[in-house]
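As structure tokens, the structure follows; a few thoughts come after it.
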């Protein structure tokens, strides 16, 4: 993989280092942080109450649309 250089402040560099473990490179730290952020975004998306209905509400809608024959 080709490397590149990015300019960041010394303070940000120190903050990134705080997330690192002994022997980790900045690439290792950033990969782990990005993976964690993506997992958090997915979690938030899946657990969002926005545009959702409760199971009970969904059951009532199903019963209205497809009543059970007796």
Longest principal axis of the chain (C-alpha) makes with the long axis of helix 26-47 (C-alpha) an angle, in degrees to the nearest 10, of 10 degrees
Of 45, 30, 12, which has the largest mean-square fluctuation in a 10 Å C-alpha GNM of the chain? 12
Pop out the Kirkwood hydrodynamic radius of segment 10-65 from its pairwise C-alpha distances, inverse of mean 1/r, in Å to one decimal. 14.7 Å
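Bear in mind these aren't lab numbers, they're just calculated from the coordinates by the rules spelled out. Owing to the predicted nature of the structure, the values given are computational and were not obtained by experimental measurement.
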